[in-house]
Structure formats: C-alpha cells, structure tokens
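I'd like to ask some things about the structure below.
The values are calculated or read from the model by the stated rules, or taken from the named source; none is laboratory data. Note that the structure is a prediction, hence the values are computed from the model and not measured. Here Cβ is always computed from backbone atoms with ideal geometry, including for glycine, and neighbour counts include all displayed protein chains. Heavy atoms of the whole protein, side chains included, go into the accessibility calculation; ligands, DNA and RNA do not. Shrake-Rupley method; radii C 1.70, N 1.55, O 1.52, S 1.80 Å.
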Amino acid sequence: MSGHELSEIGRRIAEFPQVHVVMRVSGECEILALTLSADRQSALDLIAEINRIPGIKKAESHVVLESLKLSGFRLK
C-alpha cells in the first residue's frame, strides 16, 4: 500500500471523536491510533467501525495497563 493511501486511511481514523492520536509507523502495524473509550463495548464498537474503512486489513487493540508518562509529564 502506498504512503498516500496509508495517510488517507489515517485521516479517516482521525475523524472519530474518541481517537486522540494517529501516526504512521514502521513495522507490521503501519498506523497507530491512541483512543480513549468509556468502556469495553465502546472500544469494540470503534474497532468494528475502523475495520470497515476500505484498505484496513486488520485493526487490533491493546489495553494500557499503566501510564508512567503522558504528554511530557511523569505520572509516577
């Protein structure tokens, strides 16, 4: 997939209000999106919506277990 196509997919993902960060990255995962969801079902619904975007092969989630630093501020 071309860089232009990846950027367009990233822009589509960025349109969701619960998505706070979207980055193109190297490696197996080519787009990284950071989101905040109210609950598990909201997160699952968002993943389902993202998976419907043309060009998306697979969206997967990872749960943050502990935040140590965020936006330049140490939390712990």
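Restricting to region 7-16, what's the tally of residues that are outside any loop (DSSP other than H, G, I, E, B) and either open to solvent by 90 Å² or more (accessible area, probe 1.4 Å) or of a type in the set (Gly, Ala, Ser) (or both)?
Within region 7-16, the subset outside any loop (DSSP other than H, G, I, E, B) is 7-14.
Add one more test, that the residue is either open to solvent by 90 Å² or more (accessible area, probe 1.4 Å) or of a type in the set (Gly, Ala, Ser) (or both), and what stays is 7, 10-12, 14.
The qualifying residues number 5.
Select from region 17-35 the residues that are part of a loop (DSSP other than H, G, I, E, B) and at pLDDT 90 or above and write down the one among them that is surrounded by the fewest Cβ atoms within 10 Å (Cβ to Cβ). Show your work before the answer.
In the first step, residues of region 17-35 are kept if they are part of a loop (DSSP other than H, G, I, E, B); the result is 17-18, 25-30.
Applying the additional criterion that residues be at pLDDT 90 or above yields 17-18, 25-26, 30.
Details: 17: 9, 18: 15, 25: 10, 26: 6, 30: 16.
That would be 26.
Another one. Across region 44-76, what is the number of residues that are under 21 Å from residue 9 (Cβ atoms), open to solvent by less than 80 Å² (accessible area, probe 1.4 Å) and not hydroxyl-bearing (Ser, Thr, Tyr)? Please lay out each step first, then the result.
Taking region 44-76 first, the residues under 21 Å from residue 9 (Cβ atoms) are 44-62.
Add one more test, that the residue is open to solvent by less than 80 Å² (accessible area, probe 1.4 Å), and what stays is 44-51, 53, 55-56, 59, 61.
Adding the requirement that they be not hydroxyl-bearing (Ser, Thr, Tyr) leaves 44-51, 53, 55-56, 59.
Count: 12.
What single numbered condition from (1) of a type outside the set (Phe, Trp, Tyr); (2) part of a loop (DSSP other than H, G, I, E, B); (3) loosely packed, with under 10 Cβ neighbours inside 10 Å fails to hold for residue 41?
The one condition residue 41 does not meet is (2).
Would you say residue 4 is part of a helix (DSSP H, G or I) and open to solvent by 80 Å² or more (accessible area, probe 1.4 Å)?
Numbers: part of a helix (DSSP H, G or I): yes; open to solvent by 80 Å² or more (accessible area, probe 1.4 Å): yes.
So residue 4 fits the description; yes.
Just the residues that are among the β-branched types (Val, Ile, Thr) and without any contact (Cβ under 8 Å) to a residue 12 or more places away in the chain, please, taken from region 14-34. Spell out how you get there, then give the answer.
Initial filter on region 14-34 (among the β-branched types (Val, Ile, Thr)): 19, 21-22, 25, 31.
25, the sole residue that qualifies.
For region 1-16, give me each residue that is within 14 Å of the chain's Cα centre (by Cα) and either among the aromatic types (Phe, Trp, Tyr) or modelled with pLDDT under 90 (or both).
Answer for region 1-16, where residues must be within 14 Å of the chain's Cα centre (by Cα) and either among the aromatic types (Phe, Trp, Tyr) or modelled with pLDDT under 90 (or both): just 16.
Farther than 22 Å from residue 71 by Cβ and not acidic (Asp, Glu): which single residue out of 13, 53, 31 fits that description? Can you show your working first?
On the way: 13 fails: farther than 22 Å from residue 71 by Cβ; 31 fails: farther than 22 Å from residue 71 by Cβ.
Answer to the check: 53.
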